[in-house]
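Okay, structure first, notes after.
What follows is calculated from the coordinates using simple rules that are stated; it is not laboratory data. Computed from a prediction, not measured in an experiment: that's the story for all the values here. Using ideal geometry, Cβ is built from the backbone for each residue, glycine included, and neighbour counts are taken over all protein chains shown.
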Amino acid sequence: MDFGDIKALANEHLVNLWDHSFIVYEKDYIIKNFLEKLPGHKTVVIDRVPTVENLAKIAFDILKVVYHGRFGRALELTKVTLYETPNCWAEIDG
């Protein structure tokens, strides 16, 4: 298994979408409407409040499906760690 393939899938399905974006809760209408008016602004709308814990769970769920679809049982995602700061993070165990 080539770890470059694993990284490429993570980049395609998660990192490239979230990196340098404003992640907003779908029911935060004021912020969402404001961001929609900004030309070229990169916004990601999610179904829950974008806390580090919620983002880690979403990332885990996305990557688990993507990796299983590509690698089947040859690769099992067991944990995602998402850092908010060097001293603050959330871990999601599968």
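Only bridges with both residues in the chain count here: give the DSSP antiparallel percent, nearest 5.
Bridges in the chain that DSSP calls antiparallel: roughly 60 percent.
Among (1) 15.3; (2) 14.6; (3) 13.8, only one was calculated for this model; which label is it, if the read-out is Kirkwood radius over Cα pairs in Å?
Checked against the structure: label (2).
Using a 10 angstrom cutoff on alpha carbons, build the Gaussian network for the chain and name the most mobile of 11, 54, 33.
Sorting by GNM fluctuation, first place goes to 33.
Report, in debye and to the nearest 20, how large the dipole of the chain comes out about its Cα centre when Lys and Arg carry +1 and Asp and Glu carry -1 on their Cβ.
Details: 11 positive and 14 negative charges, 35 e Å.
For this selection, approximately 160 debye.
Non-local amide H neighbours of residue 84 (under 5 Å, H modeled in plane, Pro and chain starts lacking H): which ones?
89, 90
Looking at region 40-94, which trypsin sites (Lys or Arg not before Pro) are in a loop (DSSP not H, G, I, E or B) and have at most 16 other Cβ atoms within 10 Å?
Here the sparse-neighbourhood loop sites are 42, 48.
Please work out the C-alpha center-to-center distance from region 47-77 to region 1-45 and express it in whole Å.
Centre-to-centre (Cα) distance: 15 Å.
Report, by chain and number, residues whose modeled amide H sits under 5 Å from the one on residue 44, excluding near sequence neighbours (fewer than 5 apart, same chain).
For residue 44, the qualifying residues are 22, 23, 24.
Which of the DSSP-defined H helices in the chain satisfy a minimum axial length of 18 Å, computed from C-alpha atoms, and a minimum mean Kyte-Doolittle hydropathy of -0.5?
52-71
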